[in-house]
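Enquirer: Structure below; questions to follow.
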Amino acid sequence: MSQELYTNLAIFVLSLLVGFEVMSKIPSTLQTPMMSGANAIHGVVVVGAFVIAAEADNWYFYLLAFLAAFFAAVNVAGGYTVTDRMLGMFNRPKKQPNPSDKGGDK
Amino acid sequence: MSMLKTIASLIYLLSAVCYVMGVHMMRSPKTARNGNLLSGLGMAMAVVMILIEIVAKGQITLIGWGVLFAGLLIGILYGVIKARKVPMTDVPQLVSLFNAVGGGAAATIGIFDYTHEALGTSLSLAFSIPVLLDIIIGGITFSGSLIATGKLSGHVAGKPISFPGDKLINGIAVLAIIVAGIWMIGFPSAYWPMILALAASLIFGLLMTLPIGGADMPVVVSLLNAFTGLAVAFAGFVIDNQVLIIAGALVGAAGTILTLQMAEAMNRSVANIIAGGFGSGDSDTSTGAGAEVPTNIKKTTPDDVGMQLAYAHNVMIVPGYGLAAAQAQHEVAELAKLLTDAGINVNYAIHPVAGRMPGHMNVLLADVNVPYDQMKQLDEANSMFENTDVSLVIGANDVTNPLAREKGNAISGMPILDVDKSKSVVVIKRSMSTGYAGVQNPLFSEDQTSMMFSDAKKGLQEIIAATKGYLD
């Protein structure tokens, strides 16, 4: 096994473990935005679209690069926008004061 | 390492740190939005860095720039417009659509690299295995997520779709994927194995999702989300970029945990949901064990409900899927505001799986300005039902079914809202039909329960009118 592959594999495995660790016990309130937020993060595949566009040198490859760029851009731009919209609604300033249940916060 | 390469590697590392910190911050409602912004910042850094790297490398052609920016621009426009316009009830299918294109992008990169670098040369396993996994997993999530989007939005029938021989075709697809995989690794100079692998993956994704019922779809979307993460990580191996590997693995793991938690909240196992499609038996959830059709139910009128509400001290609203389906969030918020303004305590008891997916109901209520501290999660709500005068159950069924406390039926053991402990229960429902689990709900025939058969939106409007009369 090459050094490079070993490094990538180690990064992969450790990142999986970080993902498991960071994700434990999500309040169900936030599961929908969390799913959407995680969905936006894999939009990082857009970096790959840049890489292949730089290597493309005929129409078959240009077409693939275009497709990858389009798909990834929808994923990343849409993903962050909709997640932010959802989370923004939770943080909205309250219009009416709520005298009851002050301690109900988590 | 050259200077630029060093800087780039450090920036990608920083970007990965942003994702991890961002996801971590998204666990709490207070920091969630900033968490998402931090993760977006990491994304922006990665994009700027790859742009600099490409410019510095100078290999990209003019047409390359053209197709890259055309794709990005159209994609960003489409994605942002979709994301801004979508009504909150339709978020699940939009997430699924974004997931599909993410998988599609990963698969496309795999296809590009396989055909660009592999043809005519022999492949190292270090390249061929990730590229193969990238194409296969990307292909499965692309078609699977598109079907899930269709099912959630109603373009594809939500009920499980199966046809004679679908299991056979599925088996053939799996076999084809394996054969194509070995072929791709062993004889890398042919297009055909790659096309076969791609086609078989697309078919597999399609047939995996079609037989799964609409109510289980959110779990499937979450699972496919995790798949896409893995596909992106393998794309990272292929183009040797660590930020893709880290982010992809992070999403893969986080998505897996999320999938398990969602399935747990819905009282279903992931294996059970997936096997519902091509396991041995039918996806038969209606065991029928438990109760007969209740006969002794009390019907009530909007006027009576209005009076009950107007003279109550503590009201608990229990919203369910039917509320979202009838788009009645605004009416609920209006009624709650009416009562709150009259000095009545109003809270919402939100079951983890109320709405179309876990946490969806919270989003829908937040959308109509319901304060976060009025939304009570399962345990907190259950401690409040004993002091609740009126529980207003709107379009919810299985999550209130006391049969879940007993053994031997389809919902045994599912955590439920103890609505039956409140002094009076009003259920707004279209008919006596059973919920998704297909089990009769004995709550409906209990003494303190009265039923109002109506569409959630129309019924609430009538109740609001009646309540106003009693409050004045």
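The values are calculated or read from the model by the stated rules, or taken from the named source; none is laboratory data. Because the structure is predicted, anything quoted here is derived from the model rather than measured. Please note: Cβ atoms are built from the backbone with ideal geometry, for glycine as well, and neighbour counts cover all protein chains shown.
Enquirer: Out of the residues in the stretch B:50-66 that are within 7 Å of chain A (Cβ to nearest Cβ) and assigned to a loop (DSSP other than H, G, I, E, B), state the one that is surrounded by the fewest Cβ atoms within 10 Å (Cβ to Cβ).
Expert: Going through the qualifying residues, I end up with B:GLN59.
Enquirer: A further question follows. Among the residues of the stretch B:259-274, count how many are farther than 15 Å from B:PRO415 by Cβ and surrounded by 18 or more Cβ atoms within 10 Å (Cβ to Cβ).
Expert: Summing the residues that are farther than 15 Å from B:PRO415 by Cβ and surrounded by 18 or more Cβ atoms within 10 Å (Cβ to Cβ) in the stretch B:259-274 gives 4.
Enquirer: Confirm whether B:VAL47 is facing another protein chain (nearest Cβ under 8 Å) and touching a residue at least 24 places away in the same chain (Cβ under 8 Å). Explain how you work it out, then say what you get.
Expert: Values: facing another protein chain (nearest Cβ under 8 Å): yes; touching a residue at least 24 places away in the same chain (Cβ under 8 Å): no.
Taking the combined requirement at face value, the residue does not satisfy it.
Enquirer: Regarding B:TYR348, is this residue out of contact with any strand residue (DSSP E or B) (no Cβ under 7 Å at 6 or more places or on another chain) and in the same structural domain as B:VAL399 (by TED's automatic domain parsing)? Even if it seems obvious, please write down each step before you answer.
Expert: Numbers: out of contact with any strand residue (DSSP E or B) (no Cβ under 7 Å at 6 or more places or on another chain): no; in the same structural domain as B:VAL399 (by TED's automatic domain parsing): yes.
No, not satisfied.
Enquirer: So is B:ASP367 within 14 Å of chain A (Cβ to nearest Cβ) and more than 23 Å from the chain's Cα centre (by Cα) or not?
Expert: Details: within 14 Å of chain A (Cβ to nearest Cβ): yes; more than 23 Å from the chain's Cα centre (by Cα): no.
No.
Enquirer: Just a yes or no: is a residue in the stretch B:116-132 in a helix (DSSP H, G or I), hydrophobic (A, V, I, L, M, F, W, C) and at the interface with another protein chain (Cβ under 7 Å from one of its Cβ atoms)? Walk me through it before giving the result.
Expert: First, the residues of the stretch B:116-132 that are in a helix (DSSP H, G or I): B:116-118, B:125-132.
Applying the additional criterion that residues be hydrophobic (A, V, I, L, M, F, W, C) yields B:118, B:125-127, B:129, B:131-132.
Subsequent filtering for residues that are at the interface with another protein chain (Cβ under 7 Å from one of its Cβ atoms) retains B:126.
Taking every residue of the stretch B:116-132 in turn, at least one turns out to be in a helix (DSSP H, G or I), hydrophobic (A, V, I, L, M, F, W, C) and at the interface with another protein chain (Cβ under 7 Å from one of its Cβ atoms).
Enquirer: Give the stretch B:24-43 a look and list any residue that's modelled with pLDDT under 95 and touching a Ser or Thr at 6+ places or on another chain (Cβ under 7 Å), or say none.
Expert: B:MET25, B:PRO29
Enquirer: Being of a type in the set (Ser, Thr, Tyr), more than 14 Å from A:ALA40 (Cα to Cα) and at the interface with chain A (Cβ under 9 Å from one of its Cβ atoms) narrows it down to one of B:THR228, B:THR256, so name that one. So that I can check it myself, show each step before the final result.
Expert: Working: B:THR228 fails: more than 14 Å from A:ALA40 (Cα to Cα).
Exactly one of B:THR228, B:THR256 is of a type in the set (Ser, Thr, Tyr), more than 14 Å from A:ALA40 (Cα to Cα) and at the interface with chain A (Cβ under 9 Å from one of its Cβ atoms), namely B:THR256.
Enquirer: Would you confirm whether or not the stretch B:177-189 contains a residue that is within 30 Å of A:MET35 (Cβ to Cβ), at pLDDT 85 or above and either out of contact with any strand residue (DSSP E or B) (no Cβ under 6 Å at 6 or more places or on another chain) or of a type outside the set (Asp, Glu) (or both)? Give the steps one after another, and end with the answer.
Expert: Narrowing the stretch B:177-189 to residues within 30 Å of A:MET35 (Cβ to Cβ): B:177, B:181.
Filter again for at pLDDT 85 or above, leaving B:177, B:181.
Applying the additional criterion that residues be either out of contact with any strand residue (DSSP E or B) (no Cβ under 6 Å at 6 or more places or on another chain) or of a type outside the set (Asp, Glu) (or both) yields B:177, B:181.
Looking through the stretch B:177-189, at least one residue is within 30 Å of A:MET35 (Cβ to Cβ), at pLDDT 85 or above and either out of contact with any strand residue (DSSP E or B) (no Cβ under 6 Å at 6 or more places or on another chain) or of a type outside the set (Asp, Glu) (or both).
Enquirer: Now, a different point. Anything in the stretch B:20-49 that is over 25 Å from the mean Cα position of the chain (by Cα) and either over 22 Å from A:THR81 (Cα atoms) or surrounded by fewer than 23 Cβ atoms within 10 Å (Cβ to Cβ) (or both)? List them, or say none. Please lay out each step first, then the result.
Expert: Residues of the stretch B:20-49 that are over 25 Å from the mean Cα position of the chain (by Cα), as a first pass: B:44-49.
If the condition is that a residue be over 25 Å from the mean Cα position of the chain (by Cα) and either over 22 Å from A:THR81 (Cα atoms) or surrounded by fewer than 23 Cβ atoms within 10 Å (Cβ to Cβ) (or both), then B:ALA44, B:MET45, B:VAL47, B:VAL48, B:MET49 are the ones that fit.
Enquirer: Another question about this same structure. For the stretch B:329-416, give me every one of the helices (runs of 4 or more DSSP H) that falls completely inside it and has 1 or more residues that are under 24 Å from B:ASP303 (Cα atoms).
Expert: The helices (runs of 4 or more DSSP H) meeting that bar are B:329-341.
Enquirer: Only residues that are under 17 Å from A:PRO33 (Cβ atoms), more than 8 Å from chain A (Cβ to nearest Cβ) and outside any helix (DSSP H, G or I): list them for the stretch B:1-27, please.
Expert: none
Enquirer: If a residue has to be more than 7 Å from chain A (Cβ to nearest Cβ) and touching a helix residue (DSSP H, G or I) at 6+ places or on another chain (Cβ under 7 Å) to count, how many in the stretch B:67-89 make the cut? Can you show your working first?
Expert: Going through the stretch B:67-89, the residues more than 7 Å from chain A (Cβ to nearest Cβ) turn out to be B:69, B:73, B:77, B:81, B:85, B:87-89.
Then keep just the ones that are touching a helix residue (DSSP H, G or I) at 6+ places or on another chain (Cβ under 7 Å); that gives B:88-89.
Counting residues in the stretch B:67-89 that are more than 7 Å from chain A (Cβ to nearest Cβ) and touching a helix residue (DSSP H, G or I) at 6+ places or on another chain (Cβ under 7 Å) gives 2.
Enquirer: Given the residues B:ASP134, B:ASP113, B:ASP90, which is the only one that is among the acidic types (Asp, Glu), buried (at least 24 other Cβ atoms within 10 Å of the Cβ) and at negative phi?
Expert: Working: B:ASP113 fails: buried (at least 24 other Cβ atoms within 10 Å of the Cβ); B:ASP90 fails: buried (at least 24 other Cβ atoms within 10 Å of the Cβ).
B:ASP134 is the lone residue from the list that is among the acidic types (Asp, Glu), buried (at least 24 other Cβ atoms within 10 Å of the Cβ) and at negative phi.
Enquirer: Would you point out which residue out of B:VAL131, B:VAL86 is among the hydrophobic types (A, V, I, L, M, F, W, C) and within 24 Å of the chain's Cα centre (by Cα)? Don't jump to the end; show me each part of the working.
Expert: On the way: B:VAL131 fails: within 24 Å of the chain's Cα centre (by Cα).
Step by step, each of B:VAL131, B:VAL86 is checked, and only B:VAL86 is among the hydrophobic types (A, V, I, L, M, F, W, C) and within 24 Å of the chain's Cα centre (by Cα).
Enquirer: So, B:ILE81, is that one without any contact (Cβ under 8 Å) to a residue 40 or more places away in the chain, of a type in the set (A, V, I, L, M), in a helix (DSSP H, G or I) and surrounded by fewer than 24 Cβ atoms within 10 Å (Cβ to Cβ) or not?
Expert: Values: without any contact (Cβ under 8 Å) to a residue 40 or more places away in the chain: yes; of a type in the set (A, V, I, L, M): yes; in a helix (DSSP H, G or I): yes; surrounded by fewer than 24 Cβ atoms within 10 Å (Cβ to Cβ): yes.
Criteria met by B:ILE81.
Enquirer: Whether any residue in the stretch B:372-389 is without any contact (Cβ under 8 Å) to a residue 12 or more places away in the chain and at the interface with chain A (Cβ under 8 Å from one of its Cβ atoms) is what I want to check.
Expert: Filtering the stretch B:372-389 for residues without any contact (Cβ under 8 Å) to a residue 12 or more places away in the chain gives B:373, B:379-380, B:383.
Narrowing the set further to residues that are at the interface with chain A (Cβ under 8 Å from one of its Cβ atoms) leaves B:373, B:380.
Within the stretch B:372-389, one or more residues are without any contact (Cβ under 8 Å) to a residue 12 or more places away in the chain and at the interface with chain A (Cβ under 8 Å from one of its Cβ atoms).
Enquirer: Within the stretch B:162-171, is there a residue that is closer than 26 Å to B:ARG356 by Cα and in contact with a helix residue (DSSP H, G or I) (Cβ under 9 Å, 6 or more places away or on another chain)?
Expert: The initial filter retains those residues of the stretch B:162-171 that are closer than 26 Å to B:ARG356 by Cα, namely B:162.
Going one step further and asking which of them are in contact with a helix residue (DSSP H, G or I) (Cβ under 9 Å, 6 or more places away or on another chain), we end up with B:162.
Within the stretch B:162-171 (the criterion being closer than 26 Å to B:ARG356 by Cα and in contact with a helix residue (DSSP H, G or I) (Cβ under 9 Å, 6 or more places away or on another chain)), the answer is yes, since at least one residue qualifies.
Enquirer: Can you name every one of the helices (runs of 4 or more DSSP H) wholly within chain A that holds 1 or more residues which are modelled with pLDDT of 85 or more and surrounded by fewer than 13 Cβ atoms within 10 Å (Cβ to Cβ)? Quick ask: steps written out before the conclusion?
Expert: Values: elements: A:3-23, A:31-41, A:46-55, A:59-73, A:79-90.
Here the list reads A:3-23, A:59-73.
Enquirer: How do the pairs read when you match residues in the stretch B:398-411 that are within 24 Å of B:VAL426 (Cβ to Cβ) with residues anywhere that are assigned to a helix (DSSP H, G or I) and among the aliphatic types (A, V, I, L, M), using Cβ under 7 Å and keeping only pairs 6 or more apart or on different chains?
Expert: Pairs found: B:THR400/B:VAL419; B:THR400/B:LEU443; B:ASN401/B:LEU443; B:PRO402/B:LEU443; B:ILE411/B:LEU403; B:ILE411/B:ALA404.
Enquirer: May I pose another question? May I ask you to list the residues in the stretch B:432-466 that are in a helix (DSSP H, G or I) and farther than 13 Å from B:GLU331 by Cα? Step through it out loud before you land on a result.
Expert: Filtering the stretch B:432-466 down to residues in a helix (DSSP H, G or I) leaves B:442-445, B:456-466.
Listed by number, the residues that qualify are B:PRO442, B:LEU443, B:PHE444, B:SER445, B:ALA466.
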